[in-house]
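What follows is a set of notes on a single structure, which appears directly below.
The values are calculated or read from the model by the stated rules, or taken from the named source; none is laboratory data. Computed from a prediction, not measured in an experiment: that's the story for all the values here. Methodologically, a virtual Cβ is constructed for each residue, glycine included, from the backbone with ideal geometry; neighbour enumeration extends over all protein chains shown.
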């Protein structure tokens with residue numbers, strides 16, 4: 001077996017050294033009845049690299065690869081071009097095969113990277129501090145709601161109807177067990193976000209208001225009024241960003257008064273990967289840092305006075321606080337945070353702004369083109385790189401039909417909101433720098449044919 | 001999983017360090033291959049970029065549709081060109097210890113070799129470049145990976161079902177505990193509010209139970225480092241929802257009474273959660289399902305070697321008993337007789353349950369967006385197929401043999417509190433007994449750094465004073481173990497002898513001991529640009 005270095009002779013010598021007759025002597029604590037006498041049934045014996053590669057490649061070929069067809073899916077996971085050096089660097093063994101930097105003297109690489117990552121995320125979101133990452137956007141969103149509960153000592157959260165329905169689902173699952181109350185609603189298929197509903201819902205019992213920016217239908221609305229109302233009532237504003245590239249083009253949530261900003265970092269550096277692993281982003285104002293979940297990296301000095309970095313404020317965390325911790329989270333999403341950070345470093349301010357402009361301009365072109373398809377209406381007034389078109393028929397079967405023609409047309413709102421008839425004709429279309437003008441034409445022409 | 005609770009604060013040397021007067025000092029501060037690296041905020045600029053974007057895709061003058069919220073303020077993100085970027089991250093990487101460099105005996109973390117075939121398979125475009133919301137007909141291969149891995153995890157554990165979506169071990173724990181809560185509520189026994197957790201448990205166990213709204217109480221251990229069965233039985237009652245037990249436990253020992261514990265808990269109406277962090281010790285030799293366990297998470301990044309990545313991403317599928325399976329999270333996959341693999345999300349859950357499970361499924365809901373850690377599933381499945389039934393059994397055997405070898409070879413120099421009670425499983429536990437006054441586990445750990453090793457887990461589990469938990473894993477050769485044993489013995493002897501120089505360790509690492517107290521007292525968690533130098537008054 002290629003991964004196991006011990007030879008038969010080593011094993012014999014080592015058994016002798018520990019005073020065991022056979023390997024079974026070392027499993028003596030396992031009751032007789034629970035010991036398996038031989039290899040587990042069903043699973044084949046070990047296999048060569050080539051044989052395993054053949055099996056896995058055959059499975060991979062049964063998927064329609066996004067990069068091989070005109071592709072317009074978004075809804076919280078975006079297809080961006082990831083520079084070659086990102087994937088090269090994250091595969092260096094010193095990153096790939098290291099672990100949480102518990103011993104800072106020999107983990108300065110990971111720690112300094114995390115310090116840079118935290119700063120990049122905080123600046124992008126317009127916040128003071130960010131943590132070293134969470135599992136993904138949806139779990140970061142619940143952690144933010146939970147944190148707002150700790151800060152305000154209240155248990156009533158108001159969720160915008162523009163929040164990703166999976167994020168709402170996750171919050172609903174957790175709230176069921178923690179006894180939090182969530183005020184939720186489904187979105188309406190029009191250009192207006194639910195700012196008025198939020199303003200009306202906030203009161204003295206509200207712990208937080210959660211608003212996605214841009215929202216699930218791609219709409220962009222100013223958060224300032226909601227922030228002001230929340231603050232008047234002692235509640236926090238949580239902004240959720242599922243497409244961080246947008247922040248190269250639009251104001252940060254922090255600038256508009258958000259107290260906590262969370263997001264999904266997949267867009268930068270990580271790739272689609274069928275939904276995971278991704279990287280949750282989590283930032284907030286300085287004054288709330290001790291209620292934050294997750295790992296934090298901080299600057300300090302070593303015994304010679306040289307600058308160095310360590311994990312810090314760990315008295316918030318489960319390994320010290322146990323049942324009193326701010327969260328049960330242990331492992332974060334380190335390698336994805338590294339990929340995010342490298343991509344952001346490669347882009348820099350200028351690159352991110354240009355990238356954002358290319359995304360937006362492409363989306364504007366696509367909206368104009370799709371708006372000319374007979375029977376199709378562009379729902380959004382505002383958007384970044386994703387918008388909704390209303391078809392004259394239910395969108396879900398159309399998406400399926402177009403997939404058969406080799407076009408991945410977008411995410412039907414029927415998939416995201418099953419049973420919501422008012423949304424069934426909506427199709428969410430995302431455009432990034434990877435989308436060509438030909439792709440847009442192909443989608444428009446296919447829609448013209450299918451809808452004719 | 002490890003703890004550095006020491007809060008150690010160094011004293012600054014009188015001469016201010018290795019600056020002036022140090023014959024080995026260099027002008028740059030570097031030492032040959034040991035290279036310092038500035039922060040991107042010190043070397044990058046707002047104008048520099050390492051990505052050439054296609055400007056022809058810009059539409060100047062068309063006007064934006066950003067809702068009047070176009071960004072006006074700078075973000076403050078420095079950029080680097082590609083060569084600078086590659087150099088920055090490569091130089092930083094060389095300040096990290098890693099499995100690829102040597103033995104990484106971090107107990108309870110299972111730092112084994114990460115096969116590179118796994119990386120290659122995860123990067124096949126058919127897995128890496130597909131969107132989670134594509135029509136299910138276009139992702140049958142991806143769903144097949146999830147389904148196939150789920151099948152083997154059930155096979156290897158002898159359980160009834162598996163929840164694949166949890167994102168890491170602690171998320172898996174939460175999944176298991178939520179299944180238990182849902183099952184209790186379904187039975188009308190939602191008033192069971194207590195979860196029993198041994199003192200030796202990972203901190204995630206009590207944190208998870210508390211996060212889900214339970215009250216946490218301890219379970220006493222006996223003198224052999226195992227759960228005290230009689231004491232546990234005495235505590236069981238109508239208020240106990242579950243016990244959370246790690247098996248093999250965090251002292252590196254198998255719980256021989258596990259089946260009896262499970263039977264007692266079940267008889268009292270509770271459920272048994274098993275922390276599967278240490279599954280590597282028994283994979284292919286023992287099936288948790290045969291021990292009466294109701295739920296156990298499997299850290300794919302430990303037992304099945306998806307890389308640890310400097311702190312994740314992990315992946316924590318949870319195998320479930322027949323009693324808990326109906327309550328597992330959405331979404332899940334299911335293959336029907338026609339060969340089609342279904343992705344069961346919120347909308348079809350009830351219908352599918354009625355059609356195929358007699359309406360018995362009653363999921364507690366969704367734990368994460370999308371479908372779990374697909375990139376980790378491809379790696380874990382590759383690992384399982386590479387090892388096969390014989391290889392996985394050998395994994396457990398070699399992991400246990402290596403740990404026992406370390407335990408016995410060091411017995412003379414390090415106190416092993418439970419060694420008298422028999423062999424250990426996959427990790428060897430030592431205490432700081434016998435160290436000279438003023439010398440601690442921390443000193444031994446820092447001494448090991450100078451020897452070229454990542455230290456063992458220290459000060460965990462909490463039940464042993466100055467605990468040192470050594471998990472060598474099965475991917476170490478005998479020669480590598482002998483070399484490590486030699487180093488650990490030498491350092492331990494220095495601690496016993498009270499060698500003052502050990503207090504200064506490490507002296508050969510990129511940094512000396514770091515001031516963690518300062519970091520916590522005056523937190524600096526983000527870079528702040530230096531204030532611009534004021535222009536001289538005219």
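Could you please let me know if residue A:20 is more than 38 Å from the chain's Cα centre (by Cα), facing another protein chain (nearest Cβ under 8 Å) and either under 22 Å from residue A:341 (Cα atoms) or at pLDDT 95 or above (or both)? Don't jump to the end; show me each part of the working.
Working: more than 38 Å from the chain's Cα centre (by Cα): yes; facing another protein chain (nearest Cβ under 8 Å): yes; either under 22 Å from residue A:341 (Cα atoms) or at pLDDT 95 or above (or both): yes.
Yes, satisfied.
In this structure, is residue A:234 away from chain B (no Cβ under 13 Å), in contact (Cβ under 8 Å) with a residue 40 or more places away in the chain and over 23 Å from residue A:187 (Cα atoms)?
On the way: away from chain B (no Cβ under 13 Å): yes; in contact (Cβ under 8 Å) with a residue 40 or more places away in the chain: yes; over 23 Å from residue A:187 (Cα atoms): yes.
Judged against the criteria, residue A:234 is a match.
Out of A:217, A:199, A:182, A:159, I need the residue that is under 22 Å from residue A:418 (Cβ atoms) and surrounded by fewer than 24 Cβ atoms within 10 Å (Cβ to Cβ). Which one?
Working: A:217 fails: surrounded by fewer than 24 Cβ atoms within 10 Å (Cβ to Cβ); A:199 fails: under 22 Å from residue A:418 (Cβ atoms); A:159 fails: surrounded by fewer than 24 Cβ atoms within 10 Å (Cβ to Cβ).
After ruling out the rest, the residue left standing is A:182.
Here residue B:460 meets each of (1) under 30 Å from residue B:250 (Cα atoms); (2) part of a helix (DSSP H, G or I); (3) touching a strand residue (DSSP E or B) at 6+ places or on another chain (Cβ under 8 Å) with one exception, condition (2).
Scanning segment A:309-323 for residues that are assigned to a helix (DSSP H, G or I) and facing chain B (nearest Cβ under 7 Å), we see that the one that is modelled with the lowest pLDDT is A:320. Only residues that are assigned to a loop (DSSP other than H, G, I, E, B) and in contact with a strand residue (DSSP E or B) (Cβ under 7 Å, 6 or more places away or on another chain) were counted across segment B:237-275, and they come to 8.
Being assigned to a loop (DSSP other than H, G, I, E, B), farther than 23 Å from residue A:301 by Cα, within 11 Å of chain B (Cβ to nearest Cβ) and touching a helix residue (DSSP H, G or I) at 6+ places or on another chain (Cβ under 8 Å) is the filter here; which residues of segment A:108-162 pass it?
Answer for segment A:108-162, where residues must be assigned to a loop (DSSP other than H, G, I, E, B), farther than 23 Å from residue A:301 by Cα, within 11 Å of chain B (Cβ to nearest Cβ) and touching a helix residue (DSSP H, G or I) at 6+ places or on another chain (Cβ under 8 Å): A:126, A:127, A:133, A:135.
A single member of A:369, A:353, A:396 is assigned to a helix (DSSP H, G or I), surrounded by fewer than 22 Cβ atoms within 10 Å (Cβ to Cβ) and free of Cβ contacts under 8 Å to residues at least 60 places away in the same chain, and it is A:396.
In segment A:167-206, the qualifying residues are those that are in contact with a strand residue (DSSP E or B) (Cβ under 7 Å, 6 or more places away or on another chain), closer than 20 Å to residue A:230 by Cα and in a loop (DSSP other than H, G, I, E, B), and the one that is farthest from the other protein chains (Cβ to nearest Cβ) is A:202. The residues listed here are A:270, A:241, A:261, A:279; of these, the one that is in the same structural domain as residue A:201 (by TED's automatic domain parsing), within 19 Å of residue A:326 (Cβ to Cβ) and buried (at least 23 other Cβ atoms within 10 Å of the Cβ) is A:261.
In the set (1) more than 14 Å from chain A (Cβ to nearest Cβ); (2) in a helix (DSSP H, G or I), the condition left unmet by residue B:503 is number (1). Among the residues in segment A:66-84, are any surrounded by fewer than 21 Cβ atoms within 10 Å (Cβ to Cβ), at the interface with chain B (Cβ under 7 Å from one of its Cβ atoms) and either in contact (Cβ under 8 Å) with a residue 40 or more places away in the chain or more than 27 Å from the chain's Cα centre (by Cα) (or both)? So far as segment A:66-84 goes, yes, one or more of its residues are surrounded by fewer than 21 Cβ atoms within 10 Å (Cβ to Cβ), at the interface with chain B (Cβ under 7 Å from one of its Cβ atoms) and either in contact (Cβ under 8 Å) with a residue 40 or more places away in the chain or more than 27 Å from the chain's Cα centre (by Cα) (or both).
Check segment A:403-413 and report whether any residue there is under 23 Å from residue A:251 (Cα atoms), in a loop (DSSP other than H, G, I, E, B), within 24 Å of the chain's Cα centre (by Cα) and not assigned by TED's automatic domain parsing to the domain that holds residue A:167. Even if it seems obvious, please write down each step before you answer.
Within segment A:403-413, the subset under 23 Å from residue A:251 (Cα atoms) is none.
For segment A:403-413, residues under 23 Å from residue A:251 (Cα atoms), in a loop (DSSP other than H, G, I, E, B), within 24 Å of the chain's Cα centre (by Cα) and not assigned by TED's automatic domain parsing to the domain that holds residue A:167: absent.
For segment B:137-217, give me every one of the helices (runs of 4 or more DSSP H) that falls completely inside it and has 2 or more residues that are modelled with pLDDT of 95 or more.
Numbers: elements: B:140-157, B:169-186, B:204-211.
Helices (runs of 4 or more DSSP H) meeting the threshold: B:140-157, B:169-186.
Does segment B:130-150 contain any residue that is out of contact with any strand residue (DSSP E or B) (no Cβ under 7 Å at 6 or more places or on another chain), within 30 Å of residue B:282 (Cβ to Cβ), buried (at least 23 other Cβ atoms within 10 Å of the Cβ) and more than 7 Å from every other protein chain (Cβ to nearest Cβ)? Yes - at least one qualifying residue is present in segment B:130-150. Against the list (1) within 11 Å of another protein chain (Cβ to nearest Cβ); (2) in contact with a helix residue (DSSP H, G or I) (Cβ under 9 Å, 6 or more places away or on another chain); (3) surrounded by fewer than 22 Cβ atoms within 10 Å (Cβ to Cβ); (4) under 23 Å from residue A:63 (Cα atoms), the condition residue B:342 fails is (1). Considering (1) outside any helix (DSSP H, G or I); (2) surrounded by 20 or more Cβ atoms within 10 Å (Cβ to Cβ), the lone condition that residue B:102 does not fulfil carries the number (2). Of all residues in segment B:94-108, those satisfying the criterion of being modelled with pLDDT of 95 or more and in contact with a helix residue (DSSP H, G or I) (Cβ under 8 Å, 6 or more places away or on another chain) are B:94, B:95, B:96, B:97, B:98, B:99, B:100, B:101, B:102, B:103, B:105.
Of the residues examined, residue B:117 is one that is out of contact with any strand residue (DSSP E or B) (no Cβ under 6 Å at 6 or more places or on another chain) and at the interface with chain A (Cβ under 7 Å from one of its Cβ atoms).
If I ask for residues that are surrounded by 21 or more Cβ atoms within 10 Å (Cβ to Cβ) and outside any loop (DSSP other than H, G, I, E, B), which ones from segment A:417-426 would you list?
If we filter segment A:417-426 for residues that are surrounded by 21 or more Cβ atoms within 10 Å (Cβ to Cβ), which is where we start, we get A:423, A:425-426.
Correct list: A:423, A:426.
Considering the conditions (1) within 30 Å of residue A:305 (Cβ to Cβ); (2) at pLDDT below 95; (3) touching a strand residue (DSSP E or B) at 6+ places or on another chain (Cβ under 6 Å), residue B:522 is excluded by exactly one of them, (3). In this structure, residue A:74 qualifies as touching a strand residue (DSSP E or B) at 6+ places or on another chain (Cβ under 9 Å) and outside the structural domain of residue A:132 (by TED's automatic domain parsing). Could you please find all residues in segment A:114-168 being at positive phi and in contact (Cβ under 8 Å) with a residue 60 or more places away in the chain? If the condition is that a residue be at positive phi and in contact (Cβ under 8 Å) with a residue 60 or more places away in the chain, then A:126, A:133 are the ones that fit.
Report yes if some residue within segment B:358-366 is assigned to a loop (DSSP other than H, G, I, E, B) and facing chain A (nearest Cβ under 7 Å); otherwise report no.
We begin by selecting, within segment B:358-366, every residue assigned to a loop (DSSP other than H, G, I, E, B); these are B:358-365.
Going one step further and asking which of them are facing chain A (nearest Cβ under 7 Å), we end up with B:364-365.
For segment B:358-366, residues assigned to a loop (DSSP other than H, G, I, E, B) and facing chain A (nearest Cβ under 7 Å): present.
Taking the condition free of Cβ contacts under 8 Å to residues at least 40 places away in the same chain, surrounded by fewer than 24 Cβ atoms within 10 Å (Cβ to Cβ) and part of a loop (DSSP other than H, G, I, E, B), does residue B:337 pass? Considered against the rule, which asks whether it is free of Cβ contacts under 8 Å to residues at least 40 places away in the same chain, surrounded by fewer than 24 Cβ atoms within 10 Å (Cβ to Cβ) and part of a loop (DSSP other than H, G, I, E, B), residue B:337 comes out as yes.
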